[in-house]
1. Taking the condition aliphatic (A, V, I, L, M) and modelled with pLDDT under 95, does residue 83 pass?
2. Of the numbered conditions (1) in a helix (DSSP H, G or I); (2) surrounded by fewer than 16 Cβ atoms within 10 Å (Cβ to Cβ), residue 19 satisfies every one except a single condition; which is it?
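The values are calculated or read from the model by the stated rules, or taken from the named source; none is laboratory data. The model shown is predicted, which means the values in this text are computed figures rather than measured ones. We place every Cβ from the backbone using ideal geometry, glycine too, and count neighbours over all the protein chains shown. To get the accessible areas, we keep the full protein, side chains included, count just its heavy atoms, and leave off ligands, DNA and RNA. Shrake-Rupley method; radii C 1.70, N 1.55, O 1.52, S 1.80 Å.
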Amino acid sequence: MDKQTSYQNYRMEFVIFAVECAAKKAEIPADELYRRLDKQNLIQNLLFDCYDTLHTQGREYIADFVLEALHNWEEFAQKEKIV
């Protein structure tokens, strides 16, 4: 396995870890949280793209960060539909 493939695998494992931690904290199924994150494009823009910074943080921080970002993006999207 080359370095690029390993890096991609680590990022994918991190995304799974982050979604599961946040889902557990929010007490919702992980697949529901994943769907909501994906709808806001946060899987790519938040979890994959910020991997280098986020993977150094603790489980609690990551869960809070993901849930707060999702809340903010969903709230913004809702306001945009109303206007």
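1. Details: aliphatic (A, V, I, L, M): yes; modelled with pLDDT under 95: yes.
Taking the combined requirement at face value, the residue satisfies it.
2. (2)
To keep it simple, each residue is scored yes or no on (1) touching a Gly at 6+ places or on another chain (Cβ under 8 Å); (2) open to solvent by less than 100 Å² (accessible area, probe 1.4 Å); (3) under 19 Å from residue 13 (Cβ atoms); (4) modelled with pLDDT of 95 or more.
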residue: 27; (1), (2), (3), (4): no, no, no, yes
residue: 31; (1), (2), (3), (4): no, no, yes, yes
residue: 57; (1), (2), (3), (4): no, yes, yes, yes
residue: 65; (1), (2), (3), (4): no, yes, yes, yes
